[in-house]
Amino acid sequence: MDEKTVRALRAGIILAFIIVVISLLIYSRIMAYSLAPQSKPVDLRGLPIWQIPIVYLIDYFSHGTICLLFAFTVAGLIYEFVPKEAITKYMGSGRVAGYGLALGMAPFLTVCSCTMVPLFGGVLYAGAGIGPAITFLLMAPAANILTILLTGEMISWEVAGVRIIASATVALVAGIIISKTPWGKAVEKEHQVANAAATAKIELVKPPLDERLWAALKFAGYLAKQILPFFILGLIAVSYVEAFLPEDIVGTYLTGVTGILIASVLGGPLYTPTLVEVVLGKAMWDLGMSKGALLSWLMGQPYDVANALAVSRIAKWKVVLTYMLIAWAGSVTFGLLYSFLSGSL
Amino acid sequence: MKEVKVEVIGPEPPCMRCQAVKRVVERAAEKLKQSGIMVNIERANIMSKEVVQKYGILVSPALAINNTVKVMGRVPSSDEVEKLIREAAE
């Protein structure tokens with residue numbers, strides 16, 4: 001066989017695998033097979049302590065594997081095939097383009113946290129200014145492909161949709177406000193570089209299709225390896241929450257206006273690793289948390305402490321505090337609005 | 001002996017995938033030494049003013065060969081890197 005046939009064959013096999021993964025998800029949809037764990041708090045309560053996480057994990061993975069496989073595969077594919085060069089080129093070009101790309105592209109570029117802070121720095125330096133940089137930073141963790149897919153599959157697509165819209169609005173508002181504050185402007189001035197990208201060239205090489213597909217799957221595997229250990233630890237914690245958190249506490253404190261306030265405060269500083277906030281949110285929702293509080297909880301992600309620390313190394317503390325405050329206010333506002341509109345306050 | 005400059009561009013401290021890229025480059029460099037190409041591997045900080053001034057916004061990990069970014073946002077194979085360096089050496 002010559003090289004061309006081998007490459008075509010390899011690409012075919014990988015494509016077939018991807019199609020199988022996607023059809024599995026579609027099949028589960030058609031058969032109305034739930035991809036979220038089925039155990040109810042009552043089922044877990046009667047078990048001995050050491051059995052609770054085991055039963056919950058088995059339950060979760062017997063349902064959620066398809067969803068996770070799909071989410072990681074799609075994230076890998078999108079990340080590999082998204083035209084990075086075009087995006088990075090326009091991101092630094094001007095304010096409007098910067099805001100637009102920050103909102104539109106953040107979800108696709110940042111499934112891996114190691115790209116997020118560097119991109120934030122890049123956008124800031126390259127002349128688009130602090131506004132789009134902040135927008136990008138807030139949009140990225142709140143609405144990346146993995147979290148949205150998981151929110152949709154495990155909780156509901158309505159909540160996932162509202163989460164995207166709410167995050168985008170808050171990110172945009174925070175960006176615009178910070179670019180108007182004196183301390184925001186100071187950071188911008190300090191970091192701006194004169195005529196960026198003037199001396200060197202970018203000529204990306206495109207590898208053949210089979211290698212790109214393989215790289216996409218490899219990246220999916222890498223993501224899974226990074227995230228799954230924390231995810232499993234998170235699930236163990238969630239199983240105990242389901243088993244031991246009494247419904248009347250959730251009913252009293254996590255519904256209504258108080259619920260939204262408490263959920264929004266818990267969502268941030270209580271640093272939950274990526275994706276666990278979705279499962280934990282679902283657990284508390286099962287126990288009776290209101291929809292609005294659930295949204296506030298999910299939106300708490302961008303102002304968590306770990307993120308803020310990484311950013312404060314580039315931007316000043318004042319900027320970080322301002323955006324955390326705006327993000328928090330946004331999560332409360334949208335929590336209230338969503339409760340009000342869906343009639344579940 | 002020809003010399004080629006290879007910059008591995010990523011955040012400081014280096015992320016996992018940037019370290020993977022560096023290992024790939026080191027492996028390719030080892031091989032290229034035998035065919036008379038010296039590879040100078042440098043690490044560049046993606047968030048430094050110098051790098052942004054030179055290349056603009058990049059997605060990490062990125063790889064620049066003789067001051068031209070050839071790869072970004074992915075980990076190339078060592079065969080691919082070897083080929084790219086050979087082309088640059090010509």
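The values are calculated or read from the model by the stated rules, or taken from the named source; none is laboratory data. Keep in mind that this is a model prediction, so the values were computed, not measured. For neighbour counting, all protein chains shown are included, and Cβ atoms are generated from backbone atoms with ideal geometry for every residue, glycine included.
Count of the range A:278-290 residues, restricted to those that are in contact with a helix residue (DSSP H, G or I) (Cβ under 6 Å, 6 or more places away or on another chain), over 21 Å from A:P141 (Cβ atoms) and surrounded by fewer than 23 Cβ atoms within 10 Å (Cβ to Cβ), is 2.
Would a scan of the range A:74-83 turn up a residue that is away from chain B (no Cβ under 12 Å), free of Cβ contacts under 8 Å to residues at least 40 places away in the same chain and in a helix (DSSP H, G or I)? There is no residue in the range A:74-83 that is away from chain B (no Cβ under 12 Å), free of Cβ contacts under 8 Å to residues at least 40 places away in the same chain and in a helix (DSSP H, G or I).
Considering the range A:292-326 alone, what residues qualify as being modelled with pLDDT of 80 or more and surrounded by fewer than 24 Cβ atoms within 10 Å (Cβ to Cβ)? Listed by number, the residues that qualify are A:W317, A:K318, A:V319, A:V320, A:L321, A:T322, A:M324, A:L325, A:I326.
Report yes if A:V332 is of a type outside the set (S, T, N, Q), part of a helix (DSSP H, G or I) and modelled with pLDDT of 80 or more, otherwise no. Criteria met by A:V332. If you go through the range B:38-76 and pick out every residue that is over 12 Å from the mean Cα position of the chain (by Cα), among the hydroxyl-bearing types (S, T, Y) and modelled with pLDDT of 80 or more, you end up with 1. Of all residues in the range A:25-43, those satisfying the criterion of being within 16 Å of A:P53 (Cα to Cα), touching a residue at least 24 places away in the same chain (Cβ under 8 Å) and surrounded by 15 or more Cβ atoms within 10 Å (Cβ to Cβ) are A:A36, A:P37, A:S39, A:P41.
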